[in-house]
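The values are calculated or read from the model by the stated rules, or taken from the named source; none is laboratory data. This structure is a prediction, so every number in the text was calculated from the model and none was measured. Because the Cβ atoms are built from the backbone with ideal geometry, glycine has one as well, and the counts that use them run over all protein chains shown.
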Amino acid sequence: MRIRAAVLEQFGQPLNVTELDLAEPKAGEVLVRLEACGVCHTDMYTASGADPSGYAPTVLGHEGAGIVEALGDGVSSLAPGDRVVTLFSPQCRECVHCRSDRTNLCLAIREQQNQGYLPDGTTRLSRDGEPIRHFMGTSTFAQYTVMPEIALARVSPEAPADRAALFACGLSTGLGAAINTAKVQAGSTCVVFGAGMVGLGAVAGCRLQGAQRIICVDRSADRLELARGQGATDTWTADEHTVQRVLDETAGFGADYTFEATGLVAVMRQAVESARMGWGLCTIAGVAGRGETLDIIPRYLITGRRVCGSSFGGVKGRDQVPELVQLYLDGRLDVDPFISHRITLEQVNEGFELMERQDGIRSVIVFD
Ligand SMILES: NC(=O)c1ccc[n+]([C@@H]2O[C@H](COP(=O)([O-])OP(=O)(O)OC[C@H]3O[C@@H](n4cnc5c(N)ncnc54)[C@H](O)[C@@H]3O)[C@@H](O)[C@H]2O)c1
Ligand SMILES: [Zn+2]
Ligand SMILES: [Zn+2]
């Protein structure tokens with residue numbers, strides 16, 4: 001079929017919204033009609049050429065929500081008409097990682113996905129017979145996409161697609177960092193560094209876990225205001241005294257849980273040093289620049305602090321994304337303020353510009 005899609009033709013150039021060919025889903029694959037797709041830093045990072053593992057030409061986009069249109073052979077967990085959220089982090093339910101409750105890092109299709117291919121090593125996207133690669137296994141800046149069944153989470157049909165799309169990446173990452181990775185205990189004190197989509201999700205996750213005090217730290221007053229809406233009890237403007245301030249306000253001990261959601265290694269260090277002696281847990285969700293390292297004074301660890309990382313919030317997507325979406329439908333999670341702009345596919349490059357200016361949390365492409 002012919003589809004319109006936003007193609008990264010060359011690094012550093014605006015995306016080209018154009019017509020491509022999309023082949024039928026093969027065995028284990030699903031054709032999805034996109035209804036909405038968030039525009040994320042990861043798309044822009046790849047488009048810029050800064051990501052050394054990037055490739056072109058490819059159709060970007062990984063924060064999609066849409067409707068199942070057709071099934072390849074052997075697909076049994078989805079049916080045409082289902083509303084789905086796309087997963088750059090799949091869940092095969094069979095590999096050694098999927099069978100463990102200690103990680104969400106499914107191993108089933110990693111190698112092919114990292115190179116922009118579907119699991120059988122080929123693409124369904126093409127132009128004049130030339131293959132076009134599938135970014136993050138999702139390629140959701142497009143009217144339709146073909147994806148593996150194991151990378152689609154079926155969510156409630158009542159979830160509006162633009163809201164559901166937020167759960168495809170940063171929001172679930174933040175929520176999961178608090179709920180799955182840190183497993184925040186009720187009554188605790190938490191500090192969240194960064195109030196973008198990930199940090200705001202972490203604030204909401206801490207609130208849902210029953211944290212007593214949730215301190216959110218950012219440089220933007222607007223974003224700190226949004227953090228209040230998600231349950232932050234204290235909002236602090238970021239500076240180099242944040243660690244001391246956390247210690248001062250916790251009788252010199254530090255916070256039970258800290259979360260880093262900026263991608264800045266200096267802030268990661270602050271998050272480690274703000275964690276409580278004895279049992280403080282620092283969860284790192286930010287993605288640092290290539291080659292950067294995190295400095296930790298070993299004494300912080302010996303005196304009982306722990307540090308861990310969190311990819312996609314430890315969320316096993318097919319099982320847990322539907323549950324997180326349900327929190328929204330049940331009125332326990334207010335995601336409406338995260339959508340700052342609704343744009344068309346043709347306006348995708350404007351979505352990048354809005355992000356560069358830090359104008360709002362998410363621009364969401366809405367397909368007609
Ligand atoms: N682990 C994962 O699976 C995963 C998934 C999505 C995104 N990420 C990463 O998480 C990070 C955050 O993503 P996002 O979409 O929320 O980004 P964002 O850019 O929207 O938010 C980052 C926030 O950090 C704030 N900030 C800047 N300097 C600061 C400082 N010194 N102290 C405190 N806050 C400061 C900014 O003002 C901004 O609000 C990025 O590094 C992103 O790549 C990780
Ligand atoms: Zn994303
Ligand atoms: Zn797996």
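Taking Ser53 as meeting all but one of (1) touching a strand residue (DSSP E or B) at 6+ places or on another chain (Cβ under 9 Å); (2) of a type in the set (S, T, N, Q); (3) over 20 Å from Gly28 (Cβ atoms), write down the number of the exception.
(1)
Considering every residue within the range 14-23, establish whether at least one is assigned by TED's automatic domain parsing to the domain that holds Gly116, outside any strand (DSSP E or B) and either buried (at least 16 other Cβ atoms within 10 Å of the Cβ) or among the aliphatic types (A, V, I, L, M) (or both).
yes
Every residue in the range 295-308 that is surrounded by fewer than 16 Cβ atoms within 10 Å (Cβ to Cβ) and out of contact with any Gly (no Cβ under 6 Å at 6 or more places or on another chain), please.
Asp295, Ile296, Ile297, Pro298, Arg299, Leu301, Ile302, Thr303, Arg306, Cys308
Of all residues being surrounded by fewer than 19 Cβ atoms within 10 Å (Cβ to Cβ) and of a type in the set (Val, Ile, Thr) in the range 316-365, which is farthest from Ala202 (Cα to Cα)? Just the residue, please.
Ranking the qualifying residues of the range 316-365, first place goes to Thr344.
Any residue at all in the range 295-308 that's β-branched (Val, Ile, Thr) and in contact (Cβ under 8 Å) with a residue 60 or more places away in the chain?
no
Identify, by number, the condition in (1) outside any loop (DSSP other than H, G, I, E, B); (2) surrounded by 17 or more Cβ atoms within 10 Å (Cβ to Cβ) that Thr250 doesn't meet.
Here Thr250 meets the rest and fails (1).
For the subset of the range 223-244 comprising residues that are within 21 Å of Gly304 (Cβ to Cβ) and surrounded by fewer than 19 Cβ atoms within 10 Å (Cβ to Cβ), which member is nearest to ligand 2 (Cβ to nearest atom)?
Val243
Any residue in the range 262-275 that's under 22 Å from Gly304 (Cβ atoms): show its pairings with residues that are away from ligand 2 (no atom under 16 Å from the Cβ) and of a type in the set (Lys, Arg) at Cβ separation under 7 Å, as long as the two are six or more apart or on different chains.
Val272/Arg305; Ala275/Arg305
Assess whether Thr173 counts as being more than 15 Å from the chain's Cα centre (by Cα) and either at pLDDT below 95 or at negative phi (or both).
Criteria not met by Thr173.
Restricting the search to the range 269-311, which residues are among the basic types (Lys, Arg), out of contact with any Pro (no Cβ under 8 Å at 6 or more places or on another chain) and closer than 24 Å to Thr103 by Cβ?
Once the filter is applied, which keeps residues that are among the basic types (Lys, Arg), out of contact with any Pro (no Cβ under 8 Å at 6 or more places or on another chain) and closer than 24 Å to Thr103 by Cβ, the range 269-311 yields Arg305, Arg306.
May I ask you to list the residues in the range 191-202 that are more than 15 Å from Phe167 (Cα to Cα) and in contact with a Gly (Cβ under 9 Å, 6 or more places away or on another chain)?
Listed by number, the residues that qualify are Val191, Val192, Phe193, Gly194.
For the range 283-328, which residues satisfy the criterion of being farther than 30 Å from Glu158 by Cβ and among the β-branched types (Val, Ile, Thr)?
The answer is Thr283, Ile284, Val287, Thr293, Ile296, Ile297, Ile302, Thr303, Val307.
Answer yes or no as to whether Val321 is within 16 Å of ligand 3 (Cβ to nearest atom) and touching a Phe, Trp or Tyr at 6+ places or on another chain (Cβ under 6 Å).
yes
Could you check the range 161-195 and list, in sequence order, the residues that are in a loop (DSSP other than H, G, I, E, B) and either buried (at least 24 other Cβ atoms within 10 Å of the Cβ) or without any contact (Cβ under 8 Å) to a residue 60 or more places away in the chain (or both)?
Phe167, Ala168, Cys169, Ala182, Lys183, Val184, Ala186, Gly187, Gly194, Ala195
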